[in-house]
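Participant: Take a look at this one; I'll ask things after.
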Amino acid sequence: MICGGGRLPGDIAAKVEAGGRPVVMFAIEGWADPAVVAPFRHHWLSLARYGTFLRLMRQEGCRDLVVIGILLRPSLWQLRPDLGTVRVLPRIVRAFRGGDDHLLTSLGRMLEDDGCRLLGAHEVAPDILAAAGPIGARMPGARDAADIALGLGLLAATSPFDVGQAAVVANRHVLAVEAAEGTDRMLARIAELREIGRIKLPRGVGVLVKAPKVGQDQRFDMPTVGPNTIDGVARAGLAGLAVAAGGVIVAEPQEVVRRADAAGLFAVGVPTPEGA
């Protein structure tokens, strides 16, 4: 498991080991949480140590590979490659000439060419994905349902541009589309717009909608919501959040339910439009 930041890598590793499969974590320095990594067999790696990673993976006898956790896209010039990385540097440079989906898919092909079998986190821990239906005690109303439908349509339409995986819609008005800042900062931007009076709608109106891009390689960068997402939705003054059922990871689901119920928010898994 290539492990970025957050608690999710540890939760998934625990599920896999509970199912009888050993896990080796390759923790990315500066991102992975030492407390999350510590309970598992692990190696620490800096970015662009591709040769070192391949050597350790083969030494450990690893066959399958899962990439999970928070890791922001670095600048190509920040990388300090080892000899193994230099070997594939032309491919890495080409991978950086595009959006995140292009970068990750290109790197995935490179890993496969070197003998790794890439799996999505949901393939080794299927219960991490949002199911259809309520995630908590509340359900969206008719106005919320219209906002959700508009948000899902918007995300499907913007998918070819490899922009983001989330949007905020209120009263059928698009307030924000996620870009490089990520979902948490997009929600913080909505909260700030309310404070300065740019959003006139009352609190409790609007929905965060989150879904994977159309045709996205689901082995990488699966959209994720968790307790911090709920807090951000509450601060932004929205009514709740809707995620694509079977396409979005729910981290720490029990805490998500607790915080959503405590804040009076709905959280729901919804089917994506046909063809999306």
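Participant: What is the residue count in region 194-229 for residues that are surrounded by fewer than 16 Cβ atoms within 10 Å (Cβ to Cβ) and among the aliphatic types (A, V, I, L, M)?
Facilitator: Qualifying residue count, region 194-229: 3.
Participant: Sticking with this one: Could you check how many residues of region 32-46 are of a type in the set (A, V, I, L, M, F, W, C), in a loop (DSSP other than H, G, I, E, B) and surrounded by fewer than 17 Cβ atoms within 10 Å (Cβ to Cβ)?
Facilitator: Summing the residues that are of a type in the set (A, V, I, L, M, F, W, C), in a loop (DSSP other than H, G, I, E, B) and surrounded by fewer than 17 Cβ atoms within 10 Å (Cβ to Cβ) in region 32-46 gives 1.
Participant: Please go through region 112-144 and give me each residue that is loosely packed, with under 15 Cβ neighbours inside 10 Å and assigned to a helix (DSSP H, G or I), ordered by number.
Facilitator: E112, D113, E123, P126, D127, A142
Participant: Then there is this: Condition (residue is outside the structural domain of D217 (by TED's automatic domain parsing), under 17 Å from the mean Cα position of the chain (by Cα), hydrophobic (A, V, I, L, M, F, W, C) and at pLDDT 90 or above) applied to region 32-41: is it met by at least one residue?
Facilitator: Yes: region 32-41 contains one or more residues that are outside the structural domain of D217 (by TED's automatic domain parsing), under 17 Å from the mean Cα position of the chain (by Cα), hydrophobic (A, V, I, L, M, F, W, C) and at pLDDT 90 or above.
Participant: Something else about it: Could you tell me which residue of region 12-31 is farthest from C62 (Cα to Cα), considering only residues that are out of contact with any helix residue (DSSP H, G or I) (no Cβ under 8 Å at 6 or more places or on another chain) and crowded, with 19+ Cβ neighbours inside 10 Å?
Facilitator: Restricting to residues being out of contact with any helix residue (DSSP H, G or I) (no Cβ under 8 Å at 6 or more places or on another chain) and crowded, with 19+ Cβ neighbours inside 10 Å, the top hit is I28.
Participant: Filter region 71-86 for residues that are surrounded by fewer than 16 Cβ atoms within 10 Å (Cβ to Cβ) and either in a helix (DSSP H, G or I) or modelled with pLDDT of 80 or more (or both) and give the result.
Facilitator: L76, W77, Q78, L83, V86
Participant: Okay, next question. Determine, yes or no, whether P253 is within 21 Å of the chain's Cα centre (by Cα) and in the same structural domain as I148 (by TED's automatic domain parsing).
Facilitator: Criteria met by P253.
Residue-by-condition table, conditions (1) farther than 19 Å from V177 by Cα; (2) not in a loop (DSSP other than H, G, I, E, B):
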residue	(1), (2)
P202	yes, no
V209	no, yes
Q218	yes, no
D231	no, yes
A234	no, yes
L241	no, yes
V256	yes, yes
A262	yes, yes
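The values are calculated or read from the model by the stated rules, or taken from the named source; none is laboratory data. Everything quoted here is computed from the prediction, not taken from an experiment. Here Cβ is always computed from backbone atoms with ideal geometry, including for glycine, and neighbour counts include all displayed protein chains.
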